[in-house]
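The values are calculated or read from the model by the stated rules, or taken from the named source; none is laboratory data. Note that this is a predicted model, so its numbers are computed, not measured. Counting neighbours? That spans all protein chains shown, and the Cβs are built from the backbone with ideal geometry, glycine included. Side chains included, ligands, DNA and RNA excluded: accessible areas come from the protein's heavy atoms. Shrake-Rupley method; radii C 1.70, N 1.55, O 1.52, S 1.80 Å.
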Amino acid sequence: MTSRSIRGIAVAALLAASVFAPGCATKKEPVYKTYYYRCSDTSRFAVKEMDKNRVELARGPNRYVLKPVEVASGTKFASDKASYWNKGDEVVFEVKEKTYTGCKLDSVQSSDEAIRRLQINLPSDTGGGTNQEK
C-alpha cells in the first residue's frame, strides 16, 4: 500500500467519522470541516460537512446537498444530480452526468466561511447561476 493510498484512506475515515460520529454530551456546537479537492483536469470542488447525514458539494456557485449512500467500499454521498465518492486515494465527483476523476485532497478548513472561497475564486461548470438541491 502506498503512502498516497494510506492518506486517501485516512481522509475518507476522517470524513466518515466526523460526519457519522454521534454528538457530544456538551451543548457546544459541532465544528464541521470543508475539504477542497483538485482534479486532474484542474477542476476544483469543495465538500462541506453540514451534519451527520448531509454534505454540500460545491463547484463554483453551484451547490448540491448530498446524502450518504451505501457502497461496498469507500464513502459515497449522492443526490439525483451529483455525487462524491472517496475510495482509498481515489476521489470521483459526478455532476450533471459529467465525471471528474483523478481528484486529490488539496486542503481542509474548519470554517463556515470556507465554502464561499469557491464561489469567489473558481469558475462555474455551467457559466453562471446557482443550483442548490435539498
How about segment 7-49: which of its residues are modelled with pLDDT of 90 or more and among the aliphatic types (A, V, I, L, M)? A46, V47
Under the condition of being in a strand (DSSP E or B) and of a type in the set (D, E), which residue from segment 31-63 is farthest from D106 (Cα to Cα)? D51
By residue number, the members of segment 64-81 that are at pLDDT 95 or above and under 21 Å from S107 (Cβ atoms) are Y64, L66, F77
Looking only at residues that are in contact (Cβ under 8 Å) with a residue 60 or more places away in the chain and acidic (D, E) in segment 63-92, which one is least open to solvent (accessible area, probe 1.4 Å)? D89
Starting from segment 24-36, keep only residues that are closer than 24 Å to W85 by Cβ and crowded, with 16+ Cβ neighbours inside 10 Å, then list their pairs with residues that are at pLDDT below 85 and of a type in the set (S, T, N, Q) whose Cβ atoms are within a distance under 9 Å, requiring at least 6 positions of separation or different chains. Y32/S18; Y32/S110; K33/S18; K33/S110; K33/S111; T34/S110; T34/S111
